[in-house]
Amino acid sequence: MSRNRRGLALLVTVALALAGCTADPEPRRESRSTPTPEATPGVTPGPAGVGDPYFPTAGNSGYDVERYTLKVRYDPTSDELRGDATVRATADTDLPLFHLDLAGLTVRRVTVDGTPARHTREGTELVVTPAAPVRAGTAFTVQVGYDGRPEPLRNETIGEGGWLHTADGAVALGQPESASTWFPVNDHPSDKAAYDFEITVPKGLVVVANGVPKGQRPAAGGFTTWRWSEAAPMASYLSTVVIGKYRTSTGEHRGRPVFSAVAASLPRGAADESVARTVAVADYLESVFGPYPFAAYGGVVVDEPRIRYALETQSRPVYSANFFRGGENTGVVAHELAHQWFGDSVSVARWSDIWLNEGLATYAEWLWAEHQGRDTAQAAFEQRYASSDDQVWRVPPGAPGVANLFSDSVYERGGMTVHALRVTVGDDAFFRLLKTWAADKRNGNATTAEFVATAERVCGQQLDDLFAAWLYGTERPAPPTRR
Ligand SMILES: [Zn+2]
């Protein structure tokens, strides 16, 4: 995610206000001697929640989803959504019942392997009791029919996440959660899956989602069905659907489809030009991080005042138009594309490790600026090291707490941590590490402890004191020096 500076003051206010009424389950701010935090004691994973220390009820346990097939019909004039979701999963354990996350909407029917199943709602949980328990190790298919007017989630996260009804359509977007506002889902990045989308909207509107465009066909009542497919495993918060009046551009790059869209309400210019640089930026990042991880490229620029950020939605980031009001901005494009490697392909296993995403994406912005002949990464580091405020040094990016999940510490100090590592181990080992990390964890999940272990292995030196100071310390570390 990239935060828009213009909206930041408001976001911080909202976050602090929300934090005040939310029990922060992870305020372990003390300096740590070892940067290898394990599962927080006292949180037991249950059917509702995978036991994420920051968001204990997010996601569900007991099964692993392989594929979502989402057939959704949406009429922006009435704001009514009708969905048919097929969830293909494998049981990790015997399941007399299981949970899916679904916020709002009305469930009309649920089947498990074609047989009607009992279903109840408990807050944002859909509890399904199959006619017979699903046995451990078996694959099963859940089908859910539902409808209603989707509502975004207003919860302990920063701002709203989820399905937003816009002037000419809708945007489904948000981190750390958004998916459960429009389909039943295991809503946590630890359960990644493939996605097929069939989105039906009034003729004349454009639908953009993740992955490869699979064409469109007429549907009943003057509607059109747009199909999209993301075959690589995707975390649920990286799914998106954008519906509305957009000018689109399509092409092909290195044998992969390129599909971008810019809100038709925006004047043609900086937004179009910046998103058009997507493949050039991706090619540069490929030279640093290794092969581009997905089967498609693109970007979407939305003109929606409630979206004040950009998000690395898989293979097709979504950008607030605000990023381009001052002219071409490829920095934000570099940030969101870097996440395709770090965040999307290599995903966090729990939200407390968010610096793995944001530190590396921030650092990619510095590398891209240097590549463009602007400030070097060293200069970017020195500027922030000298001028960052107290909050950056007080909040440990490796354990920021929910309220500081998207704080300057996670972004700026996260980026500085990456640079401190580079200075310490030297360029050869550092760039080898980036490619090794992206390759070893491709299409998977990862933790900070695994990153530290990989860094020590690739660089051939003990680095725990460096990470302890930069990720977990509560004061400004000494400037890095080559070992
Ligand atoms: Zn980001």
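For the chain, with all protein chains in place and a probe radius of 1.4 Å, 50% of the accessible heavy-atom surface sits on carbon or sulfur.
Val206: net charge of surrounding residues, Cβ under 12 Å, Lys/Arg +1, Asp/Glu -1, itself excluded?
That sum, taken over residues with Cβ under 12 Å, equals +2.
Expressed in Å, the radius of gyration and Dmax of the Cα atoms of the chain are 21.8, 69.
Per-residue surface analysis assigns Ser180 an accessible area of about 10 Å², computed on protein heavy atoms at 1.4 Å probe radius.
Let me have the 222 nm mean residue ellipticity of the chain computed from DSSP H runs of 4+ only, each contributing -39500 (n - 2.57), with the sum over all residues rounded to the nearest 500.
The helix-only estimate for the chain comes to -7500 deg cm²/dmol at 222 nm.
Other residues lying with their Cβ under 13 Å from the Cβ of Asp113 contribute a combined charge of +2, Lys and Arg counting +1, Asp and Glu -1.
Ranking Arg67, Arg268, Arg350 from most to least accessible surface, computed with a 1.4 Å probe over the protein chains only, gives Arg268, Arg67, Arg350.
Let me make sure I get this right: for segment 315-403, a, b and c are the square roots of the gyration tensor eigenvalues over alpha carbons, sorted descending. Under 1.5 in a/c it's rounded, otherwise prolate if a/b > b/c, else oblate. Which is it? Here segment 315-403 falls in the oblate category.
The mean accessible area for residues of the chain, using a 1.4 Å probe and ignoring ligands and nucleic acids, is 37 Å² per residue. For the set Arg384, Arg108, Arg442, the ranking by accessible area, highest first and with no ligand, DNA or RNA atoms included, is Arg108, Arg442, Arg384 under a 1.4 Å probe. Entry note, segment 300-352: relative contact order of 33 percent, from Cα contacts under 8 Å with a spacing of 6+ residues.
Across all C-alpha atoms in segment 45-86, the radius of gyration and Dmax reach 15.1, 41 Å.
Relative contact order (percent) for segment 349-482, with alpha-carbon contacts under 8 angstrom and 6 or more residues of separation?
Worked out over segment 349-482, it gives 33 percent.
Each Cα pair under 8 Å and six or more residues apart adds its sequence gap; the mean of these over the residue count of the chain is a relative contact order of 15 percent. For segment 209-310, GluC sites (Glu not before Pro) are listed when DSSP marks them as loop and at most 15 other Cβ atoms sit within 10 Å of their Cβ; the list is empty. For segment 220-283, the square roots of the Cα gyration tensor eigenvalues, ordered a ≥ b ≥ c, give a/c of at least 1.5 with a/b no greater than b/c, which places it in the oblate category.
Within the shell of other residues whose beta carbon sits under 14 angstrom from the beta carbon of Lys435, the net charge comes to +1, with Lys and Arg scored +1 and Asp and Glu -1. The order of the peptides 456-469, 291-304, 354-367 by mean Cβ neighbours within 10 Å, most packed first, is 354-367, 291-304, 456-469. Where in the chain are the DSSP H helices whose C-alpha atoms run 20 Å or more along the long axis and whose mean Kyte hydropathy is at least 1.0? Taking the DSSP H segments of the chain (at least 20 Å long, mean hydropathy at least 1.0), we get 5-20.
Non-local lysine pairs in the chain, meaning eight or more places apart or on different chains, with alpha-carbon distances under 21 Å, amount to 8.
The values are calculated or read from the model by the stated rules, or taken from the named source; none is laboratory data. From a predicted model like this one, the values you see are computed outputs, not experimental measurements. Positions of Cβ are backbone-derived with ideal geometry, glycine not excepted, and every protein chain shown enters the neighbour counts. For the accessible areas, the whole protein counts, side chains as well, though only heavy atoms, and no ligand, DNA or RNA atoms are used. Shrake-Rupley method; radii C 1.70, N 1.55, O 1.52, S 1.80 Å.
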